[in-house]
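Data first, discussion second: the structure below is written as structure tokens.
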Amino acid sequence: MASLSELPALRNYSKPFGIRFLEYIKRGKLSYKTHQAIVLIVTFLAYTCYHATRKTTSIVKSALDPQSPDVSLKFPWRMTYLSSPAEKKRFSWVLGDGWAPFNGSDGSALLGELDVAFLAVYALGMYFSGHLGDRMNLRVFLTVGMVGTGLFTSLFGVGYWAKIHSFYYFLIVQMIAGLFQSTGWPSVVAVVGNWFGKKKRGLIMGIWNAHTSVGNIAGSLIASALLSYGWGWSFVVPGLLIAFVGLWVFLFLPVSPESVGADKEEDEMGSPRKIGEGVTEPLLGSDAEIKETAVGFIEAWKIPGVAPFAFCLFFAKLVAYTFLYWLPYYISHTAIEGKYLSSETAGNLSTFFDIGGVLGGILAGHISDHLDARAITAATFMYCAIPALYFYRTYGHISLVMNIALMFICGMFVNGPYALITTAVSADLGTHSSLRGNSKALATVTAIIDGTGSVGAAIGPLLTGYISAKSWSAVFTMLMGAALIAGLLLTRLLVAEVVARISESRSQAGGSQSTSQDEELGV
């Protein structure tokens, strides 16, 4: 064990270079709140970049497969130009002159297979990433994940200039990119959970979780803007961006208060209790605290609430990621006011779903904090998503304004519970009382919940790739069913929260009545 005289030197060595540089400029230690601000900003930018790189595939789909023969027959105004079968085939191949092998009749199915390969590896990798995240330096772990994501996202785009038409090349690149992407979420949630207590956690994380929608919007706008220069740029530029931000993460991200010697303030005592964070305890902590071990995978599953929320997220992400990967494609293949929008316009229009998602995440976090009821909030949002999806499918084609309004509402109700479960709920469960103060569970619990959700995220886009070839109405029926199941999975927790609220109200009413009687008796 290091002596107390060696402690400052050790701490200074463990601090990120950027933090030491800021302290050098300030000529003093950074405050606890300054560290919190840095954590929120750096992790926000990091995960914004993760989602920006993830969104590019949905925008480029229409360029890779502008119009397959099957889908081209669904455009009534084009039918007048087709007479014989030979002419049909020739004409639709001109319209579908995208990028082999995705511009054939099975183009949408192949694109769906890319999505499921990416998300399947992402989901599997999530479990391992959570396990490693609780045992490694999260700053280094996150940096490696971001640089790796940038490299393989760029390699997908390199296929444009290298004239690569092998489906297996794109498949392998997407799978490896999914593996690196899985490092992001457990890491950023664990870091934020280390710095923020449960008080107002839902609201703070609801606002912070806007990075998901901001990343989707940024990815859509960047990819759409670069599409006209060649679809390869739509991958390379976001790839370079996430690698660059990854270097900033390495320079500036303080993983936990004790890693930078930050003194914990009184209003933060509700957050996970780390080594040396107690007000009356020495900064170095005891040997027992240092030997605190990370929570095992099976043990984390047994934490009350983890399984219900994990399976709820399975269906919630099935809905959310179907929109993430297929909404621009759906818009460009659906007549709005009798007209079909270009791929670039459809990509830009799809951002309104994510804008609604920002509001939904903030509302869900604020409401759950106010009610102190995560399950009630998440289930209510999922139930409200069902009519929202129905109205968007039924009336979204009437006008552009109607489409945008209904898309915004869908984003609010779909992304609200998704944001709440993956942030505040994961952080709450990762610091559950059953862990008896053990703080090394945040990344593992986060990975279990989001990893299970990511399996649903993989299945949704895959099914959509096949079902959409026959009927988009069937796709929306699948999404409404998934939203219903997601809400039902929280029934037990919802009932428990309602009973707790009723009991709390009765006890408060009883206390008020007793006080009133005492006052009347002059006690």
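Listing for the model above:
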| item | result |
| --- | --- |
| Exposure of Asp372 as accessible area (Å², to 10), given a probe of 1.4 Å and all protein chains | 100 |
| 5 angstrom amide H check on Ile336, placed H, neighbours 5+ away | Leu341 |
| Accessible-area order (highest first, 1.4 angstrom probe) of the listed residues Arg20, Arg135 | Arg135, Arg20 |
| Exposure rank, largest accessible area first [Met480, Met175, Met382; 1.4 Å] | Met175, Met480, Met382 |
| The range 292-511: C-alpha gyration tensor shape, a/c 1.5 cut-off, then a/b vs b/c | prolate |
| For the range 307-341 and the range 208-231, distance of Cα centres in Å | 16 |
| Pairwise label distance in nanometres, Asn137 with Leu484, each label 7 Å out on the Cα-Cβ vector | 5.2 |
| Rounded to the nearest 10 Å², the accessible area of Phe21 at probe 1.4 Å | 100 |
| Heavy-atom accessible area order for Glu23, Glu337, largest first, 1.4 Å probe | Glu337, Glu23 |
| Virtual spin-label span in nm between Val498 and Leu251, 7 Å along Cα→Cβ | 5.3 |
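The values are calculated or read from the model by the stated rules, or taken from the named source; none is laboratory data. These figures come from a predicted structure and were not determined experimentally. No Cβ is skipped: glycine too gets one built from the backbone with ideal geometry, and neighbour counts run over all protein chains shown. All accessible areas refer to the heavy atoms of the entire protein, side chains included, with ligands and DNA or RNA removed. Shrake-Rupley method; radii C 1.70, N 1.55, O 1.52, S 1.80 Å.
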